[in-house]
Amino acid sequence: MRLPMSLLVTNCPRCGAKQITFDVIAQWYCSTRYEWQNWFEIFCVCRSCKRSTVFLVGLKDIGRRDVFYQAQGIVNFSGDLSPYFEIERFISLRDNVSTKPTEHVTGDIKNAFVEGAACLSIECYNAAASMFRLCVDLVTLPLLANCDDKTKPKPYDTLGRRLKWMFDNKILPVELQELATCIREDGNDGAHAGTLTKADADDWVDFTIELLERVVTEPKKLELAKKRRIARRATKD
């Protein structure tokens with residue numbers, strides 16, 4: 001007789017069974033989104049093929065926190081977790097990612113970087129370079145929009161020409177210009193031809209990380225330090 005236990009009903013990535021039942025064996029807290037939604041990796045065993053999969057799941061119902069946010073609350077739950085949890089994906093080779101965006105990078109920029117790093121980890125170099133290119137594009141477009149110089153390139157101009165103009169006009173740190181050689185002025189960086197190598201993709205990573213550090217991370221750190229200083233002075237007064 002099978003004892004009541006925690007279950008998950010979804011497709012099995014190992015044997016291909018559709019809407020099969022998994023036994024939930026273990027859980028591990030990963031992160032919190034929206035200041036309330038906890039995300040977990042849960043170790044499950046398929047009842048069809050008897051092989052294990054780790055799923056990334058997040059609680060859907062804020063009203064169930066008292067049940068599932070207890071110690072081992074997911075594993076100890078008796079019944080199907082599927083109505084209460086969003087299944088984002090299963091853990092796979094794409095999670096073997098050591099390249100991370102710099103601190104304080106958020107939103108679409110972070111998403112593009114993370115996707116590029118995932119592509120890089122599975123040796124999809126053209127796809128990786130395309131996502132890092134998008135990341136650079138998203139970072140530099142607002143800088144261009146905030147510039148009043150009438151000689152500036154149009155937003156739809158090639159990324160290479162945009163960056164050259166920004167370096168020439170000291171909008172971007174000139175120290176990064178040598179790293180930007182992976183981006184051709186004519187926009188023909190090889191991504192469209194599908195000929196990029198690991199070295200090419202690594203060049204994109206180096207430039208993107210340094211750009212994010214200078215344009216996003218360092219200004220945010222200074223902003224937060226200024227706020228802390230103001231707060232200290234206000235407390236002292």
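The values are calculated or read from the model by the stated rules, or taken from the named source; none is laboratory data. Just so we're clear, the structure is a prediction, and the values are computed from it rather than from any experiment. No Cβ is skipped: glycine too gets one built from the backbone with ideal geometry, and neighbour counts run over all protein chains shown.
Here are the numbers:
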read-out: Selection status of ILE74, closer than 14 Å to PRO13 by Cα, aliphatic (A, V, I, L, M), surrounded by 15 or more Cβ atoms within 10 Å (Cβ to Cβ) and in the same structural domain as GLY16 (by TED's automatic domain parsing); value: no
read-out: Matching residues in segment 149-166 - criterion: being of a type in the set (A, V, I, L, M, F, W, C) and at pLDDT below 90; value: LEU159
read-out: Members of segment 1-28 that are within 15 Å of VAL67 (Cβ to Cβ) and free of Cβ contacts under 8 Å to residues at least 24 places away in the same chain; value: none
read-out: Only listed residue being touching a helix residue (DSSP H, G or I) at 6+ places or on another chain (Cβ under 9 Å), within 21 Å of VAL54 (Cβ to Cβ) and surrounded by fewer than 16 Cβ atoms within 10 Å (Cβ to Cβ), chosen from ASP95, ASP157; value: ASP95
read-out: Residues (assigned to a helix (DSSP H, G or I) and closer than 26 Å to GLN19 by Cβ) located in segment 66-78; value: VAL67, PHE68, GLY73, ILE74, VAL75, ASN76
read-out: Leading residue by the ranking (surrounded by the fewest Cβ atoms within 10 Å (Cβ to Cβ)) among those in segment 1-42 that are within 30 Å of THR106 (Cβ to Cβ) and of a type in the set (Phe, Trp, Tyr); value: TYR34
read-out: Residue that is nearest to THR208 (Cα to Cα) [pool: residues in segment 79-126 that are hydrophobic (A, V, I, L, M, F, W, C) and assigned to a loop (DSSP other than H, G, I, E, B)]; value: VAL105
read-out: Count of residues meeting criterion [closer than 30 Å to ALA225 by Cα, in contact (Cβ under 8 Å) with a residue 60 or more places away in the chain and among the hydroxyl-bearing types (Ser, Thr, Tyr)] in segment 101-139; value: 1
read-out: Only listed residue being modelled with pLDDT under 90, among the β-branched types (Val, Ile, Thr) and in a loop (DSSP other than H, G, I, E, B), chosen from THR181, THR195; value: THR195
read-out: Test for ILE87: is it within 23 Å of ALA118 (Cβ to Cβ), surrounded by 14 or more Cβ atoms within 10 Å (Cβ to Cβ) and not small (Gly, Ala, Ser); value: yes
read-out: Close pairs from segment 42-65: first part of a helix (DSSP H, G or I), partner surrounded by 14 or more Cβ atoms within 10 Å (Cβ to Cβ), Cβ under 8 Å, at least 6 apart; value: ILE62/GLN37; ARG64/TYR84; ARG65/ASN38; ARG65/LEU59
read-out: Test: residue in segment 5-16 that is on the phi < 0 side of the Ramachandran plot, among the small types (Gly, Ala, Ser) and in contact with a strand residue (DSSP E or B) (Cβ under 7 Å, 6 or more places away or on another chain); value: yes
